[in-house]
Amino acid sequence: MTESNEELAKDLGLLSALTIGIGTMIGAGIFVLPGEAAVAAGPAVALSFVVGGIISLFTALSASELGTAMPKAGGSYYYVNHALGPLFGSVAGWGNWMGLAFASAFYTLGFGEYLATFLPIPALMLGPVGLTSFQVGALLAGAAFIAVNYIGAKETGSVQIIIVTFLVGILTIFSVLGIFQTDLSTLRPFFPAETGGVSAVFPATGLVFVSFLGFAKITTVAEELKNPGRNLPLAVVGSVVIVTVMYGIIMVILMGVVNWQQLGPSFTTTPVLDVAETAFGTLGLAGIGVGLLTFAGLLATASSANASILASSRINFAMGRDKLISDKLNAIHPNFATPYRSIAVTGALILLFIVVGDVKTLAKAGSVLHLIVYGLLNIALIVMRQADVEEYQPDFEVPLYPVVPIVGAITSFGLIAFMKPIEIALSLVFVAGGLAWYLLYARGVAEKKGILSQYILNRSEEMPPAAVSAASTVQPDGGAFRVMVPLANPQTEKDLITLASAIAKQRGGTVDAVHIVTAPDQTPLEHAADHVDELEEEYHAILDDAKHDAETFGVDVETHTIYSHRLFEGIFNAAESHRSALVVLGWEEETHGLSDRVKDTFDGLTDGLPCDCLVLKDRGFDPDEILVPTAGGPDSDLSAEVAKLLQSEYDSHVTLLHVADSKEDGTTFLQEWADTHGFTDAALQVETGDIETAIERAAADSTMMIIGATERGLLSRLVGGNLVLDVVDDVECSVLLAERSRTKGLLERLSGDE
């Protein structure tokens, strides 16, 4: 399929990417959460931060491999969507996007709190809504951060470098001075009984995990990274390691200078400032120390908010590019080369959340959503490795595969159990919303299929029926009209592709050129796939020619090779899995005389065709004079629809034929039928007598005849060599046989009805 040609400028270097991760993580872990974390686990919260870092490291390694193989905007969303499909992609996209938007509002409100300690910001009333000074400051800051992101990623990266450099410098001075004031006796007992002892470590890890969302934000801007194969893993893994070490050291200092019981919110709202006053006070610089740390708090929360806005807007952009949301969000600014509409939408949501006020619980629910996405990300890595996709060529590979992604998935999902019920419940609401969004909206417009579903459906003979059914059920409709052409014979390929391309072009659709390689029952399909060159010498040439012929019509074309033990089963299974609207088959003489077992199989298939089907008896493709015999019924309706499409493409002259007992009754029927199907300019011909003789006589002046089955099962009779309409063999022009789907017909697909 043709993909969007919109791309993001590669403006971010290693330092910019590294500071996006570090700057985001430092903000929450040190300046927002220490008080609550101390209450949750006491001194052991330092261990909770380390555990959180280790859990993040597994996912960081997986994200690094996926990112170097697929450096695309959207990061973890893109990897999940590409590997697991748009159903999981919708969950990951909405979860990541909303989680980051909530976190951005949370960080910006923190910035507003620190800003209010410097500036006399007044409270405001906006109609019935009252805004605190913190919220007013947050709105001003949020608008500024959104503007920076709107201008361009390069400017965002530059701001991050400045912020994080100052921030790390201040925290280094704070840590050095704090070490000399640290009394390790205050850390005993390390697992205090009042917090729950050792059992408090994992719940506290769940609390502080919001501090580790920054490393994944780096992958969301991978498309804008210079040399992503080198810089992405260095930035992702490096940010996790650096920040985890900083967290561990600073938490020990905080609780070594001030007893952990005095760091809780009931004693202080700014534990870092209290410790700074003590640490710098030994030098007589308490005021300066508090001022520096207050300024550091501003920098940290600004850094977190800025990086979160940058990352969340890229997820929005990537979802638009994949058609999971409106592709109007794909627009790239002509001057700034940024997804400005995505940034504007995300920014508006962030400002709304700030006005709403209490987004703390929502931000933590966002952490749960991120853990779900991280678990899916690790699974995505396993899928990409096992599917052995040709274009998957990572510059970095995780060590100890598959241990790393398996442990990453288990620990990510497992940590959710230690979150608060309200936070889990809210996250599940978002997950359900993502699923509903896909099923009700995105499935009808999304085109991209996941590697996992393709892997399952292309090996349907080997897979459990439940897995095949599930993969088929959640496939995207693609929003586009898809015509599948199974190919085997180079002599008939061109006319089949021409017919399919003409129909697809009129519907703005796609041609699916599929080569079905059949193997004996005794041959495993995996072996057939590995030895296809031995089984089918010409299959490369057939698919290449088909692609070239279809592209001459200006239509999108996809080519696939599918392995099956049953020819017709393989065709219609592929049609169902690809969600084709129409299959165009060639009628070869050698299809007659099939074994009874194959005939029985095909009879069963045609009793429940997954899509409409055309069979071309090819005597030269010439749609100049088209004859459409009709006696009414769904298959004749299909023949009329195809005739209309060919008439639009080739300006064909169409003649409608009806054979009746009386001219008067036949004329009435045919006129009504023509009006119903929009044939205002067609010639109407009514005959009496023997049906086949009348059709043969009318076909003498035609170059193509399109005829619907007169009863169910035309195709099964066709391949069984027992076609009732012997006229197909007797006329001299090409004949196109039409049979309507037993489920969703062409007319419904053309009109967009479900």
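The values are calculated or read from the model by the stated rules, or taken from the named source; none is laboratory data. Predicted model only: the values in this text are computed from it and were never measured. Note: ideal-geometry Cβ built from the backbone for every residue, glycine included; neighbour counts use all protein chains shown.
Details
- When residues of region 324-350 are limited to those that are among the polar types (S, T, N, Q) and under 23 Å from residue 445 (Cβ atoms), the one farthest from the chain's Cα centre (by Cα): 346
- Lone qualifier among 457, 428, 440 - being within 18 Å of residue 319 (Cβ to Cβ) and aliphatic (A, V, I, L, M): 440
- Beta carbons closer than 6 Å, at least 6 apart along the sequence or on distinct chains, pair a first residue in region 489-503 that is more than 12 Å from residue 586 (Cα to Cα) and crowded, with 24+ Cβ neighbours inside 10 Å with a second that is among the aromatic types (Phe, Trp, Tyr) and at pLDDT below 85 for 501/553.
- Residue that is modelled with the lowest pLDDT [pool: residues in region 198-233 that are in contact with a strand residue (DSSP E or B) (Cβ under 8 Å, 6 or more places away or on another chain) and outside any helix (DSSP H, G or I)]: 221
- Top-ranked residue in region 427-447 [being under 13 Å from residue 325 (Cα atoms) and of a type in the set (Ser, Thr, Tyr); ranked as modelled with the lowest pLDDT]: 441
- Here is the figure for region 467-501: residues that are closer than 17 Å to residue 545 by Cβ and either at pLDDT below 80 or part of a helix (DSSP H, G or I) (or both) total 15.
- Scanning region 132-173 for residues that are in contact with a strand residue (DSSP E or B) (Cβ under 6 Å, 6 or more places away or on another chain) and either at pLDDT 85 or above or closer than 15 Å to residue 105 by Cα (or both) turns up just one, 136.
- The conditions of being surrounded by fewer than 23 Cβ atoms within 10 Å (Cβ to Cβ) and within 30 Å of residue 458 (Cβ to Cβ) are met by residue 392.
- Apart from one condition, residue 350 fits all of (1) at pLDDT 85 or above; (2) more than 26 Å from residue 212 (Cβ to Cβ); the exception is (2).
- Test for residue 301: is it of a type in the set (Ser, Thr, Tyr) and at pLDDT 75 or above: yes
A quick yes/no check of all residues on (1) on the phi > 0 side of the Ramachandran plot; (2) at pLDDT below 90; (3) buried (at least 21 other Cβ atoms within 10 Å of the Cβ); (4) aliphatic (A, V, I, L, M):
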| residue | (1), (2), (3), (4) |
| --- | --- |
| 580 | no, yes, yes, no |
| 593 | yes, yes, no, no |
| 598 | no, yes, no, yes |
| 603 | no, yes, no, no |
| 608 | no, yes, no, no |
| 626 | no, no, yes, yes |
| 633 | yes, yes, no, no |
| 647 | no, no, no, no |
| 653 | no, no, no, no |
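- Unique match (being out of contact with any strand residue (DSSP E or B) (no Cβ under 9 Å at 6 or more places or on another chain) and of a type in the set (D, E, K, R)) among 641, 649: 649
- Checked against (1) of a type outside the set (Lys, Arg); (2) over 13 Å from residue 380 (Cβ atoms); (3) buried (at least 24 other Cβ atoms within 10 Å of the Cβ), residue 50 meets all criteria but (3).
- Taking every residue in region 677-706 that is within 17 Å of residue 647 (Cβ to Cβ) and pairing it with any residue that is surrounded by fewer than 17 Cβ atoms within 10 Å (Cβ to Cβ), at least 6 positions away or on another chain, the pairs with Cβ-Cβ distances below 6 Å are 703/622; 703/624.
- Taking region 16-73 as the range and being in contact with a Lys or Arg (Cβ under 7 Å, 6 or more places away or on another chain) and of a type in the set (S, T, N, Q) as the test, only 24 passes.
- The residues in region 407-448 that are of a type outside the set (A, V, I, L, M, F, W, C), surrounded by 17 or more Cβ atoms within 10 Å (Cβ to Cβ) and closer than 16 Å to residue 371 by Cβ can be counted, and the count is 6.
- Cβ-Cβ under 6 Å pairs, at least 6 apart or on other chains, region 327-349 side under 11 Å from residue 310 (Cα atoms), far side outside any helix (DSSP H, G or I) and small (Gly, Ala, Ser): 338/152
Here's the yes/no breakdown for (1) within 13 Å of residue 308 (Cβ to Cβ); (2) among the hydrophobic types (A, V, I, L, M, F, W, C); (3) under 15 Å from the mean Cα position of the chain (by Cα); (4) part of a helix (DSSP H, G or I):
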site: 78; (1), (2), (3), (4): no, no, yes, yes
site: 87; (1), (2), (3), (4): no, yes, yes, yes
site: 90; (1), (2), (3), (4): no, no, yes, yes
site: 115; (1), (2), (3), (4): no, yes, no, yes
site: 150; (1), (2), (3), (4): no, no, no, yes
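- Residues in region 290-337 that are at negative phi and in a loop (DSSP other than H, G, I, E, B): 322, 324, 325, 326, 331, 332, 333, 334, 335, 336.
- Within region 502-513, the set of residues being among the hydrophobic types (A, V, I, L, M, F, W, C) and either in a helix (DSSP H, G or I) or at pLDDT 85 or above (or both) comprises 502, 503, 504, 511.
- Search result, residues across region 92-113 that are under 29 Å from the mean Cα position of the chain (by Cα) and either within 24 Å of residue 438 (Cβ to Cβ) or surrounded by fewer than 24 Cβ atoms within 10 Å (Cβ to Cβ) (or both): 92, 93, 94, 95, 96, 97, 98, 99, 100, 101, 102, 103
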